[in-house]
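To start, the structure itself, in structure tokens.
The values are calculated or read from the model by the stated rules, or taken from the named source; none is laboratory data. Please read all numbers here as calculations on a predicted model, not as lab measurements. These area figures cover heavy atoms from the full protein model, side chains too; ligands, DNA and RNA do not enter into them. Shrake-Rupley method; radii C 1.70, N 1.55, O 1.52, S 1.80 Å.
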Amino acid sequence: MKNLIRFILLVIIISACTKDNDSRVRFKLRSNSPVQFGSSLRVFVTSENDDDRQYVISHPANREYDGSYETDSSRGSDNGWYFTSTYDGDGNLITDSTHVTIVPAAVPCKHPVDTLTSAFSNDDLYFYSVNGGMKGTGSYKIDAYGQHSELTMDFGQKSVPTESRTYISKESSVNNTVDEVSILLRWNVISFTGVPNQLAHLEMDSTRSTLTLCDFEMTSGTTKILVNTTLEL
């Protein structure tokens, strides 16, 4: 009889533990990373036993989303660590994280370093000085100087780049986001502005950094030119 009572108590204890384990919140933060620049990205939560629970997802750019983050056109700012958090039944905060990798767009061309070519002129522009650094507004900037020319790139990024990345051109440098760059070219007395929504390719390795423009369209009034250059920083 005593053995039967002990057996019943053991079953009750095991059942209680099992029920407690089943009630714990078990979830994972997942994504379809790695993804190519400009392609679809999805960051989401999978839960084993709490589908109705609310989850907050923190984006690397310090934005928050409820439940999931999705975009049909991923950008460089989507690269990095994502975090999610929720509260369990006892009011304890529980978290999970996942890293998303955005693969930069492939560079479609290669050019002589620090030289700009264009069908606009038979003469190539050689830049004797190329500098990259922070500007007074707290954003990153690249300046390339030639004898009668200057190429200026104003980024919205608030720090010096540390990895390869693809940027999107914007006509004005005012309020550029971390994914955008505005490009201006002064060629003798003519000033050209980069046409919006084109790509600028930053490649970084252990020995050097290069910024490449491939058939990059620029305008000055009604005059349009295509320029190609690779700047070594």
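On a full-extension model of 0.36 nm per residue, what is the gain between TYR126 and THR223, subtracting their alpha-carbon distance, rounded to one decimal in nm?
On the way: separation 97, 0.36 × 97 = 34.92 nm, distance 2.19 nm.
Net length gain for the segment: 32.7 nm.
Close amide H contacts of SER164 (hydrogens built in the peptide plane, cut-off under 5 Å, sequence separation of 5 or more or a different chain): MET204. Out of (i) 9, 28, 36, 23, 4, 0; (ii) 7, 25, 24, 15, 11, 7, 5, 3, 2, 1, 0; (iii) 6, 25, 28, 25, 13, 3, 0, which label holds the value of P(r) over Cα pairs in 10 Å bins from 0, in percent that was computed here? It is the value labelled (ii).
Taking the longest Cα principal axis of the chain as reference, the axis of helix 2-23 is set at about 20 degrees.
Counting only DSSP beta bridges with both residues in the chain, the antiparallel share comes to about 95 percent.
Residue by residue, the range 226-233 carries 3J(HN,Hα) couplings of 10, 10, 9, 7, 10, 9, 9, 9 Hz when phi is fed to the Karplus relation 6.51 cos²θ - 1.76 cosθ + 1.60 (θ = phi - 60°); x denotes Gly or Pro. Note on the chain: with a GNM built from Cα contacts shorter than 10 Å, the maximum mean-square fluctuation among GLY132, GLY91, GLY76 falls on GLY91.
Can you tell me, using C-alpha contacts under 8 Å and at least 6 residues apart, the relative contact order of the range 83-233 as a whole percent? Working shown, then result.
Working: 346 pairs, mean separation 32.1, N = 151.
Once normalised by length, the contact order is 21 percent.
Shown in residue order for the range 103-114 are the 3J(HN,Hα) couplings computed by the Karplus curve 6.51 cos²θ - 1.76 cosθ + 1.60 at θ = phi - 60°: 7, x, 4, 5, 6, x, 7, 9, 9, x, 5, 6 Hz (x for Gly and Pro).
The residues of the chain expose on average 58 square angstrom of accessible surface per residue, using a 1.4 Å probe on protein heavy atoms. Distant-in-sequence amide contacts of VAL181, defined by a placed amide H-H separation under 5 Å and a gap of 5 or more residues or a different chain, comprise ILE168, SER169, LYS170. Amide H contacts of ASP114: THR230, LEU231, GLU232, each under 5 Å away and 5 or more positions distant or on a separate chain (H built 1.01 Å from N in the peptide plane; Pro and chain starts excluded).
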